[in-house]
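Let me begin by presenting the structure, written as structure tokens, before commenting on it.
Each reported figure results from applying straightforward, stated rules to the coordinates on display, with no laboratory input. What you are looking at is a predicted structure, and each value in this text was computed from that prediction instead of being measured. Glycine also receives a Cβ, built like all others from the backbone with ideal geometry; neighbour counts cover every protein chain displayed.
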There are 2 protein chains.
Amino acid sequence: MIEVQLTRIIISEVNENQAVFLKEIDGDRQFPIMIGFFEATAIDRRVKSIERPRPLTHDLLVGVVDQLGGTLDSVVINDLKQNTYFATLRITAGNEIHDIDARPSDAIAVAMSCDPPLPIYVKEEVLNAASGKK
Amino acid sequence: MIEVQLTRIIISEVNENQAVFLKEIDGDRQFPIMIGFFEATAIDRRVKSIERPRPLTHDLLVGVVDQLGGTLDSVVINDLKQNTYFATLRITAGNEIHDIDARPSDAIAVAMSCDPPLPIYVKEEVLNAASGKK
């Protein structure tokens, strides 16, 4: 499991090609994940700490986890199938660990909504396949 | 507290004026809430039961509540200040009731993501003010 960081967000208002770039912290491998416009702007607002007078969707999710006694732990990008990335959002509650299936865009938006942001990990084989490097 | 139902969703691709209309079940009062494009399409997809191969943001929220042992109960539109509506999402967990602050658009999208959809209530004074009728 390799820890990565969000290094770039590309938002285009004229086409559907929004992307976030994840780069490994202890190395040079990186790759883009194509995401939707809403998710890209949601992530961008958080990275730029733009004030949100009302809780946005991912803030609501963070608030719900907190109210129900859970703790957001981390995000794992754990699979890549037919150009679609898969992720899980890890939440701990008491002694239980819940890994909840999520789109990477939502998982990353949740990660960036936390303070400090949650760590983001990528499975070794996904990183190899995505970055085209071993 | 008055129960309402979602009667209309207006989605415009050319301007920012998306809206959902809520109408009381046992009466004629109704009112629109202006919401964002993303939220409007999220609600619309649910109403039309459009297949979602991956969990969308509000599905993820419903999944998180379930995993943490909570039960989504209802939505209440509980305030109207300076043309902004406020809502709470009621979640029960064990003997506890959590009323979590949310934008009406998110609360309604969550309500419509549940099967059956959660009931939506509006406080009497909000319905009076919003519909212009007593």
Check your understanding: Counting only pairs 8 or more places apart or on different chains, how many lysine pairs in the protein assembly as shown have C-alpha atoms closer than 16 Å?
Key -> 12
**Study point:** Net dipole in debye of chain B [+1 Lys, Arg Cβ; -1 Asp, Glu Cβ; about Cα centre; nearest 20]
**Key:** 320 debye
Practice item. State, as an integer percentage, the relative contact order of chain A based on alpha-carbon contacts under 8 Å between residues 6 or more apart. Key: 25 percent
Check your understanding: Considering every residue in A:68-74, what mean count of other chain Cβ atoms within 10 Å of its Cβ is obtained?
Key -> 4
Check your understanding: For label points placed 7 Å from Cα toward Cβ, what is the shortest-first list of nm distances from residue B:99 to its copies?
Key -> 3.9
Check your understanding: Is there a simple number for the mean count of other chain Cβ atoms within 10 Å of the Cβ of residues in B:98-105, and what is it?
Key -> 5
Review point. Expressed in whole Å with the largest first, what are the equivalent ellipsoid semi-axes of the stretch A:50-124 derived from the C-alpha gyration tensor as the square root of 5 times each eigenvalue?
Key: 21, 16, 10
Study note, to complete from the structure: Of the candidates A:36, A:4, A:68, the farthest towards the positive dipole end of chain A (Lys/Arg Cβ +1, Asp/Glu Cβ -1, centred on the Cα centre) is A:36
Study note, to complete from the structure: Quick calc, residue B:128 & residue B:95: beta-carbon distance into FRET formula, R0 25 Å, rounding 0.05, result 0.15
Study note, to complete from the structure: Here the tail fraction of P(r) beyond 17 Å, over all Cα-Cα pairs of the stretch A:2-131, rounds in percent to 57 percent
Point to revise | FRET efficiency estimate (nearest 0.05) - Cβ-Cβ, residue A:49 to residue B:84, R0 25 angstrom | key: 0.70
Check your understanding: Which distances, in nm and shortest first, link the residue B:129 label point to the same label point in every other copy, taking 7 Å along Cα→Cβ?
Key -> 5.3
Review point. Scaled to the compact-protein estimate 2.2 N^0.38 Å, what is the alpha-carbon radius of gyration of the protein assembly as shown, rounded to two decimal places?
Key: 1.06
